[in-house]
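A short worksheet on the structure shown next.
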Amino acid sequence: MYLTLFLTYIFVLVALALGGLLLFIFQRNRKQVLKTEDGWWGPGAPPDAQEDVSIHPFQIKTSAEELQDLYRRIDQTRPVLSLEDSQFNYGFNSQYLQEVVSYWRNDFDWKRQVEKLNQYQHFKTNIEGIDIHFLHVKPKRVPKETEVVPIIMVHGWPGSFYEFYGLIPLLCDPSERDNLVFEVICPSIPGYGFSEAPHKKGFDSVCAARIFHKLMKRLGFQQFYAHGGDWGWLVTTNMAQLEPKIVKGLHVNFAPPSKPGLSMVLSLLLGNRFPKLFGFNGVDIQRLYPCMEKQVVEPIKETGYMHIQATKPDTVGRALNDSPVGLAAYILEKFSTWTCNDFRNLEDGGLTRKFSLDDLLTNVMIYWTSGCITSSMRFYKENFAKGLYQPHSKMPVYVPTGFACFPKELMHTPKLWVKQKYHQLKSYTTMARGGHFAAMEEPQLMAEDIRTFTKMIEEK
Amino acid sequence: MSLDKLLRLSTANFSASLALLSLTSAVAIGGILAYWVFRSKEAKTIPIGHGWWGKGKKPLSEDDQIHTFTITTSDEEIKDLHARLDLTRYTDPLEDSHFNFGFNSTYLKRVVSHWRNVYDWKKQVAALNQYPHFKTKIEGLDVHFIRVCPPSRENQKVVPLMLVHGWPGSFYEFYKIIPLLTQNHDGVAFEVICPSIPGYGYSEAPQKKGFDSVAAARIFLTLMERLGFSQFYLHGGDWGSAITTNMAQMKPDCVKGLHLTMFFPRRNFKMSLSLVIGRYLPFLVGFTREDVRRIYPYFQKNVWQMLEETGYMHIQATKPDTAGCAVNNSPVGLAAYILEKFSSWTDMKYRDLSDGGLERMFTLDDLLTNVMIYWTTSSMTSSMRFYKENFGNLINRLDFKTGVFVPTGLAAFPNELMHNPKVWAQTKYRNIYSYTFMPRGGHFPAFEEPQLLADDIVQFVKKVGKI
């Protein structure tokens, strides 16, 4: 009798253990999908009428009044001299700013730039109560046996859809290396550029991702690729988390870890002594260490803007929307420092080493003419206000992912860390050159990597 | 055991014990001596140093005269201001956001309308000039100050007192408290000197890097010396607190008493420990009931709230030239930037009000006059640089490790940004004569509660001077 009891005991224990193990395995394999609900971002309450799903062509326009107003404001700028020998270490150098402004006032041709912007087809469509602006560029020529691959490319701050203008022709035109051409959709994040700003609180990256899914659906795409950097990285990542079956491949050039896990901390502590253990190569060691300087001091030096935008966007945006020169200094400081932080020691911030003043000012003009600086900054508060432990930051990404690692990017993410979040990392490319605005700075390198990655996924 | 063997043993033991005792005593005495020597070696002052902040090279001689100065304005200045106010491009606030996203645009329109149509800058300038202004060159910079002497009365002891403002304030913050201080308080009246920190308002901005609170302190000590004062009292809040503290550390013999509204302790392990214990056993760590009420919940009040409110500090301490550019060209932007602080720092709960509670404790005229001082002097950028100069070199700051030994009076206002109980303040201010829990008031007490502040300064000075 005791034997029977004993055997029963054992049996129950084993059953429980097996059950637990099965549950554990089952949990791990069950791919989590990000959940979201519809939103309404227009003014007041949502109307009872059916949603207007029409897509309208849109053209960027300018006028003599717009230019005159700009010039008047530029002319009434009151410059304040920068400290002797401070270069770009206190922010945008005042003396060099005067040179940029002089070019802006006398040589920059906004009318010509607007024509350049309009070379691609622009559209607007109303989703969840706000007008979403986007570019839709179809390949002009599709050779035989060439696949047309749809891709959505999402910009960040303080960038815009314009960052991709150098990259678009390299993707939409056929290449000798592969038989792919891309059909490119470039939306503006709501609150940026020509996309209407949300009128209600709570518009974060998941909302933007959901709206962009609706956009792609409205345009008739069942499956597509996604590319993003800066905020675009987060929005496209959320898109992959929301609909993993629809996002065929995700390509990003920025992937800061959303939550510091144990492996990340361990790798930081021991990585320079046991690099092989964590898969660190020479580049990783050089960019991660010394820890204090690169992981603490540098970020503190460069995240003042993030801190104030994530807490008081309406205050900081106020003056920027009245002073074009102030806006230019604020935005272009990033194009200097985030391209290479050594540029802080240059009198001219190295601004024109990788970009032309025309391109830089066109991006600034998009913020200026649309008056969107304040709403663009609110995105920081909406994303950070809920804290760092959002459902999407805890959830991995199961969509095939390609990561382009540029040497001067703000934060270096070694392969080990990228894999923590992106469970299907198919390619990790260490790029030869480039910083945070890689698409604008090194379009050739970026296009190559996107093509290689896409080809890899298509061939499977 | 034989008796002599026993004796030998006990003697040996006794010697051993004696030896042990002597050794221990020697070590103890040695230790105490070493500690005492080491302690007394702890710095009680900071070096005075030297500097020169003007453009280019320092000339061979400097004009040390004191010149009278009058604030002036012109029709052009006002026209330019109005033109810019009219050019403002507003952005609608998010529905239901009040002051949680920063200065509410809807309310801002009201402020600007008053500024454009009702506010009389010429009248305000006349009000500013009611006290005598001066300028004098020190270390290459024109330093601005006002000097207000009490009317001569019998049986009155005149006590010199310097008041130092902070950011985003100015000497104007003290205009309400000055008439209270120059009154006769049972035989004591103050002669008040209010300088502008170099880079703020009418004081010239430094052209060279490195101008921190220690440099400002040295300049103000020179100013007092130039005015003929060998001993005086000091009062400060915000940056004024850091500067006057440095002054007391540099020349403690000159500073008869130091009165502060905002003060920071020297963080150490004891402080962190008291934070943990103090919530449950406050008496054990020297917290009063009022301390407990003001500090806890600690994380909420001191960590999250500080993170929410220090974005401006972060960007100013790293990129002042960028942050200052737009606000120096948009008066509305400047007003929003400055007045947001007069809202939140007076009471954090004002962030949930559509008008930020701005007009509850201040008049729009007073608030805008302070803004106009920054606007008409184009000094916002240089005022921001003070943050970078002070925070850029945190590790090497000797003054942070040095205590303050002059008689100190601390006024703890309930809505100040951070509450520091007396036990914490004592880690830095070793000679606290008075610590007052004020009943009301926030970060700008001289502006908001001048009577309360004046009373506290008077009682402190009387205590120190045994008057």
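The values are calculated or read from the model by the stated rules, or taken from the named source; none is laboratory data. No experiment lies behind these values; they were computed from the predicted model shown. Neighbour counts are summed over all protein chains in view; Cβ atoms, including those assigned to glycine, are modelled from backbone coordinates with ideal geometry.
Filter the range A:80-107 for residues that are assigned to a helix (DSSP H, G or I), more than 7 Å from chain B (Cβ to nearest Cβ) and over 19 Å from A:S356 (Cβ atoms) and give the result.
Of everything in the range A:80-107, just one residue is assigned to a helix (DSSP H, G or I), more than 7 Å from chain B (Cβ to nearest Cβ) and over 19 Å from A:S356 (Cβ atoms), namely A:Q95.
Filter the range B:180-191 for residues that are within 21 Å of the chain's Cα centre (by Cα) and within 15 Å of B:Q451 (Cβ to Cβ); which is surrounded by the most Cβ atoms within 10 Å (Cβ to Cβ)?
Checking each candidate, the answer is B:F190.
Which residue, of B:F99, B:F103, B:F145, is buried (at least 16 other Cβ atoms within 10 Å of the Cβ) and away from chain A (no Cβ under 14 Å)?
B:F145
Got a sec? Which of B:Y298, B:Y312 is of a type outside the set (A, V, I, L, M) and surrounded by fewer than 16 Cβ atoms within 10 Å (Cβ to Cβ)?
Residue meeting the stated conditions: B:Y298.
For B:I48, are the conditions met, namely being more than 12 Å from chain A (Cβ to nearest Cβ), part of a loop (DSSP other than H, G, I, E, B) and not small (G, A, S)?
yes
Go through the range A:114-147 and count every residue that is at pLDDT below 95 and of a type in the set (V, I, T).
Residues in the range A:114-147 being at pLDDT below 95 and of a type in the set (V, I, T): 2 in total.
Hey, can you tell me all the residues within the range A:212-237 that are crowded, with 24+ Cβ neighbours inside 10 Å, assigned to a helix (DSSP H, G or I) and among the hydrophobic types (A, V, I, L, M, F, W, C)?
Within the range A:212-237, A:F212, A:L234, A:V235 qualify.
Would the range A:368-379 turn up any residue that is polar (S, T, N, Q), modelled with pLDDT under 95 and at negative phi?
no
For residues in the range A:179-208 being touching a strand residue (DSSP E or B) at 6+ places or on another chain (Cβ under 9 Å) and either among the charged types (D, E, K, R) or in a helix (DSSP H, G or I) (or both), which is surrounded by the most Cβ atoms within 10 Å (Cβ to Cβ)?
Here the residue is A:A208.
Among the residues of the range B:303-313, are any more than 14 Å from every other protein chain (Cβ to nearest Cβ) and within 24 Å of the chain's Cα centre (by Cα)?
no
Can you confirm whether the range B:269-289 contains a residue that is in a helix (DSSP H, G or I), within 13 Å of another protein chain (Cβ to nearest Cβ), over 23 Å from B:R84 (Cα atoms) and out of contact with any Asp or Glu (no Cβ under 8 Å at 6 or more places or on another chain)?
No, every residue in the range B:269-289 fails to be in a helix (DSSP H, G or I), within 13 Å of another protein chain (Cβ to nearest Cβ), over 23 Å from B:R84 (Cα atoms) and out of contact with any Asp or Glu (no Cβ under 8 Å at 6 or more places or on another chain).
Test B:G140 against the criterion of being at pLDDT 95 or above and away from chain A (no Cβ under 14 Å), and give yes or no.
no
Filter the helices (runs of 4 or more DSSP H) completely within the range A:309-392 down to those with at least 2 residues that are within 12 Å of another protein chain (Cβ to nearest Cβ).
Correct list: A:313-320, A:324-337, A:357-370, A:373-384.
Spot the failing condition for B:D253; the list is (1) acidic (D, E); (2) within 14 Å of chain A (Cβ to nearest Cβ); (3) without any contact (Cβ under 8 Å) to a residue 24 or more places away in the chain, and only one is missed.
Unmet condition: (2).
One residue is enough: does the range A:175-185 have a residue meeting the conditions of a type in the set (D, E, K, R) and touching a residue at least 60 places away in the same chain (Cβ under 8 Å)?
Yes, the range A:175-185 contains at least one residue that is of a type in the set (D, E, K, R) and touching a residue at least 60 places away in the same chain (Cβ under 8 Å).
Within the range B:70-93, is there a residue that is facing another protein chain (nearest Cβ under 8 Å), surrounded by fewer than 16 Cβ atoms within 10 Å (Cβ to Cβ), among the charged types (D, E, K, R) and part of a loop (DSSP other than H, G, I, E, B)?
Yes.
Mind checking which residues of the range B:236-268 are among the charged types (D, E, K, R) and closer than 21 Å to B:Y387 by Cα?
The answer is B:D238, B:R266, B:R267.
Just to be sure before I move on: is B:D355 in contact with a helix residue (DSSP H, G or I) (Cβ under 9 Å, 6 or more places away or on another chain), part of a loop (DSSP other than H, G, I, E, B), away from every other protein chain (no Cβ under 12 Å) and surrounded by fewer than 24 Cβ atoms within 10 Å (Cβ to Cβ) in the structure I sent?
Judged against the criteria, B:D355 is a match.
Go through the range A:402-428 and give me each residue that's of a type outside the set (A, V, I, L, M) and under 26 Å from A:G350 (Cα atoms).
A:C405, A:F406, A:P407, A:K408, A:E409, A:H412, A:T413, listed by residue number.
Given the conditions (1) under 21 Å from A:M440 (Cα atoms); (2) at pLDDT below 95, and given that A:R177 satisfies all but one, which numbered condition is not satisfied?
(1)
Give all pairs with beta carbons closer than 8 Å in which a residue from the range A:395-408 that is more than 16 Å from A:Q444 (Cβ to Cβ) meets a residue that is outside any strand (DSSP E or B) and acidic (D, E); count only pairs at least 6 apart in sequence or on separate chains.
Here the result reads A:G402/A:D449, each pair linking the range A:395-408 to a residue that is outside any strand (DSSP E or B) and acidic (D, E).
Please return the ranges of helices (runs of 4 or more DSSP H) entirely within the range B:363-440 where 1 or more residues are under 28 Å from B:Y200 (Cα atoms).
B:364-377, B:380-391, B:398-401
Please go through the range B:441-459 and pick out each residue that is over 20 Å from B:D291 (Cβ atoms), in a helix (DSSP H, G or I), in contact (Cβ under 8 Å) with a residue 60 or more places away in the chain and not small (G, A, S).
Listed by number, the residues that qualify are B:F447, B:E448, B:P450, B:Q451, B:L453, B:I457, B:V458.
Of all residues in the range A:238-256 being in a loop (DSSP other than H, G, I, E, B) and under 14 Å from the mean Cα position of the chain (by Cα), which is farthest from A:S205 (Cα to Cα)?
Top of the filtered list is A:N253.
Search the range B:384-405 for residues that are free of Cβ contacts under 8 Å to residues at least 12 places away in the same chain and pair each with any residue that is part of a helix (DSSP H, G or I) and basic (K, R) when their beta-carbon atoms are under 9 Å apart and the residues are at least 6 apart or on different chains.
If the second residue must be part of a helix (DSSP H, G or I) and basic (K, R), no pairs are left.
Pick from the range B:314-348 the residues that are within 27 Å of B:H114 (Cβ to Cβ), in a helix (DSSP H, G or I) and among the hydroxyl-bearing types (S, T, Y): which of them is nearest to the other protein chains (Cβ to nearest Cβ)?
Here the answer is B:Y337.
How do the pairs read when you match residues in the range A:43-60 that are in contact (Cβ under 8 Å) with a residue 40 or more places away in the chain with residues anywhere that are in a strand (DSSP E or B) and surrounded by 11 or more Cβ atoms within 10 Å (Cβ to Cβ), using Cβ under 6 Å and keeping only pairs 6 or more apart or on different chains?
A:D52/A:N126; A:I55/A:F123; A:I55/A:T125; A:H56/A:K124; A:P57/A:F123; A:F58/A:H122; A:F58/A:F123; A:F58/A:K124
Just one of (1) within 8 Å of chain A (Cβ to nearest Cβ); (2) closer than 30 Å to B:W304 by Cα; (3) not in a helix (DSSP H, G or I) trips up B:L108, so point out which.
(3)
Against the condition among the hydrophobic types (A, V, I, L, M, F, W, C), surrounded by 18 or more Cβ atoms within 10 Å (Cβ to Cβ) and within 12 Å of chain A (Cβ to nearest Cβ), how does B:M380 come out, does it pass?
Judged against the criteria, B:M380 is a match.
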